[in-house]
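Colleague: One structure, as structure tokens, below. Some questions next.
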Amino acid sequence: MLTLNRFDATAAPNGSGESSAPAASSSSSSSSSRLAALAQRKRKRDTQDGSDPSPSSSAPATAAGSSSDTFLSAPANQPSAMPSIHPSRLAQAPILARSVKKAAQAAGVAREKTKAKQRYLKKKKLRRKAKQKATGVGGGKKEAKVAAREDEKEESSDNDSSSEEDEAAPATVVPTQMEPIVKEVVPAAEAAASSSSSSSSSSSSDSDSGSDSDSSASSSSSEEETPADQTSRDVDAGLQFLAPLTRNPETNVDSAEALQALAVQGLPRGMVQPQIVGASTTSAVEAQDDSSSSLLRSLGAHLDSAMVTRLASLGVTSWFAVQTAVIPHLLSTPALPSPFSPPRDLCVSAPTGSGKTLAYSIPIISHLKSRVVTRLRAVIVLPTRDLVLQVRETLEALAKGTGLQVGSVTGAQSFSSEQALVGREDKLDILISTPGRLIDHLDETEGFTLRHLRFLVIDEADRLLGQSFHNWAQRLRESIEGHLTGEDEDIVYPQAYDPIAPQSVVQKLLFSATLTREPGKLAELGLRDPVFIDVRDDAQAEKEQRENSTAATTTTLPARFSLPASLRENMIVVTTALKPLYLLHLLLHQHPEPMRKTLIFTKSVDSAHRLVRLLTLFGTGGSLKVANYTSDLPPARRRELLSSFKSGQVDVLVASDLISRGIDVPNVEHVVSYDVPVDAAKYVHRVGRTARANREGHAWSLVEEQEARHFKGLLRDELKRLERVKRVRITEKQLEPLRERYDAALEALVREQREAGANRAAR
Ligand SMILES: Nc1ncnc2c1ncn2[C@@H]1O[C@H](COP(=O)(O)OP(=O)(O)OP(=O)(O)O)[C@@H](O)[C@H]1O
């Protein structure tokens, strides 16, 4: 076991000979040697740093032995040195956790307040005081902010001193001791790779690891196994998961080694072993309250006939693939899970337009509809206001008649009116929000609490986890888990190293068509043993299922990008100078009829404005009504435009990437990328605005000659769909009939812009 052996090895040069003491010797002598080793290491570091030794190790250098003696003469009931194991390791390895607990009990470890716990309680008290101050009259907000800043300062100064304190406190299992363990693993692994003869001539740290292996070999071969040895073997097994971390995990490689590496680096196991579902899977929407033998009914959650009727009125009579997999899974978790057996989290990767919104909305409503009092039990986080409103509309339609209260906060209304909504805990059952606004309310709205939360949905998860806005993910997680401490200051949990500690019952649900594979990003949310559901096209799903059924373990990752099978993709290579002309040809003459129900994406708001103006000057108005739909428009105007588009009063919307994610505009037939998307995720979300809900749709990418190579590389290497993209040729000869009008429109546009520039300069 690395930690223990390392301590023994450090003690050996001291002449105590404790490292070579038989493993069967009493536990107190083995802990003594570790304590002596700790003291010596600390002295050594203090000497190297030139810093003042802390009181616990402040004995003069000549009194090395006596310093150890100070530890050795600890009272008999002083807990023995425990292996330091990161809580997350213990959470992953129940056997190891049990062994550590047993060893702790055998050694008589009293459950007393550790220093870390004391620090935590102190900080909590300070936070509460700051909050109380903030809720006082006038200037409360400012005071709270100052107090919070002070909290942060204190936290960082605490952290600075923690490693020193922790080492001086030999008897506590403190997570921060993980760091030395990890550092030791790296040289040990390197040493193993190099020739065995080099160990004798290594530096002091090398010799540490060298003697680690020596001592473990000698003691394990000749002596009887003690409980401490048993523990150290278990810890060794746990540490096998540790490996040197590479800085940038390869998240786009599907080889077995890459997957293994990602798993070692912390990608949840479930993500390496997803549940794969074919995209054409469907099932009938049926009420489950009629069958007394229904498993779901026995679990207290089911789809009642009122919900089935509501769904039918919305045109939903059968489940899409993602719903077939996700809805029963979520309904089968209890509405009120036990904190001692909390539900597993869920990550879902499914194509654009495949019905992910209903996949989470229906189980949430089905679970919450039987609640007795209104409390905030579900929070749904989305990246933009438009998406928040869209999802809110869906939830309101589904919740009709259930009495559930659905609300949203996005910043579209004044902060105080939102506070009136979220500041009282009996106003809302379901809240939909952008991350920034949610954190603002957590920080500043008195009475806003997540303590009753049951579901946290992160839709468009990869986009949201890519945003570091005020560390929103971590702060949200703290708010969810923080309330577990309750009012009783003596109960501090969750402590992952206490296997029977109650945990938060919040189930986190992540959805996206481009789900992130980055362990670091997923770790921000602290997912609990997540289940992964991955909807892929049928051929791919079948292949994966066949391969995985013959393999001992599945080694696959959820698809990085999912697109609907009903999407037809095309690319047109164009000359830069004539790009608008190619677009005009595509819109007006590529098909027997002009292209209606079309979304055009440009690279910026300005380009969108210019393009709309050019199309208008050209006079497409006779056959196609064009409007721009960009982020500079007020939300009300955008909603108006969407409804005009839905009703057919507007045929073509020219947008920046504002609506490329999530927005569900029914019946979009064509998506044109006037400027090619900069990355694969953008491509997926743009083209995913068409071919939704199993309908047919067409995507067109206008690729300038000099961009063609890069774009093809994107399709081939990242999206793996080059062969699905049809190359459409438009010759310059085909453009001739439009040329004259186009030149006139272009000239008029240039004139307009010049005049506008001159006017601006004159002002
Ligand atoms: N079972 C169903 N039957 C019929 N229509 C459905 C069904 N499920 C969803 N839809 C419709 O499909 C459309 C797309 O659904 P939704 O917006 O949830 O897709 P999504 O998977 O979230 O897409 P994106 O990844 O682009 O956000 C919506 O108009 C929705 O009403």
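Rule-based calculations on the coordinates, nothing more; no lab input. Because the structure is predicted, anything quoted here is derived from the model rather than measured. Here Cβ is always computed from backbone atoms with ideal geometry, including for glycine, and neighbour counts include all displayed protein chains.
Colleague: Using the Kirkwood radius over Cα pairs, work out the Stokes-Einstein diffusion coefficient for the range 664-718 at 37 °C and 0.692 mPa s, in µm²/s as a whole number.
Modeller: Values: Rh = 11.8 Å.
D, rounded to a whole number, is 277 µm²/s.
Colleague: Starting at the first residue of the range 574-579, write each ³J(HN,Hα) from the Karplus equation 6.51 cos²θ - 1.76 cosθ + 1.60 with θ = phi - 60°, in whole Hz, x for Gly and Pro.
Modeller: 10, 8, 3, 5, 10, 4
Colleague: Calculate the dipole size of the range 591-637 relative to its Cα centre from +1 charges on Lys and Arg beta carbons and -1 charges on Asp and Glu beta carbons; express the result in debye to the nearest 20.
Modeller: 60
Colleague: Can I ask one more? With each pseudo-label sitting 7 Å past Cα toward Cβ, what's the residue 417-residue 118 distance in nm, one decimal?
Modeller: 5.2
Colleague: Same structure, new question: At 7 Å along Cα-to-Cβ for each site, give me the label-to-label distance between residue 546 and residue 649 in nm.
Modeller: Rounded to a tenth, the inter-label distance reads 5.3 nm.
Colleague: Roughly how many nanometres apart are two label points built 7 Å out from the Cα toward the Cβ at residue 756 and residue 631?
Modeller: Label-label distance for residue 756 and residue 631, simple model: 1.9 nm.
Colleague: To continue, here is another question. For the range 415-427, in order, what is each residue's ³J(HN,Hα) by Karplus, 6.51 cos²θ - 1.76 cosθ + 1.60 with θ = phi - 60°, in whole Hz (x at glycine and Pro)?
Modeller: 3J(HN,Hα) across the range 415-427, in whole Hz: 4, 5, 5, 5, 4, 4, 7, 9, x, 10, 6, 9, 9.
Colleague: Under a 5 Å amide H to amide H cut-off, with H placed in plane at 1.01 Å, what residues pair with residue 457 once short-range neighbours are removed?
Modeller: 379, 380, 381, 509
Colleague: Lysine pairs, Cα distance under 16 Å, 8 or more residues apart or cross-chain: how many in the range 567-759?
Modeller: Qualifying lysine pairs in the range 567-759: 10.
Colleague: Can you compute 3J(HN,Hα) from phi for each residue in the range 336-347, using the Karplus curve 6.51 cos²θ - 1.76 cosθ + 1.60 with θ = phi - 60°, rounded to whole Hz and x for Gly and Pro?
Modeller: 10, x, 7, x, 8, 9, x, x, 6, 6, 9, 10
Colleague: Please compute the Cα-Cα pair-distance distribution of the range 571-683 with 10 Å bins starting at 0, giving whole percents from short to long.
Modeller: 13, 50, 33, 4
Colleague: Per q in 0.12, 0.24 1/Å, what log10 I(q)/I(0) does a Debye calculation on the alpha-carbon atoms of the range 363-458 return?
Modeller: -0.32, -1.38
Colleague: If you find the alpha carbon centre of the range 673-728 and of the range 368-400, how far apart are they in angstrom?
Modeller: 33
Colleague: Given the convex hull over the Cα atoms of the range 567-759, what projected area results after averaging over all orientations, in nm²?
Modeller: On the way: hull surface 45.3 nm².
The Cα convex hull of the range 567-759, projected and averaged over all directions, gives 11.3 nm².
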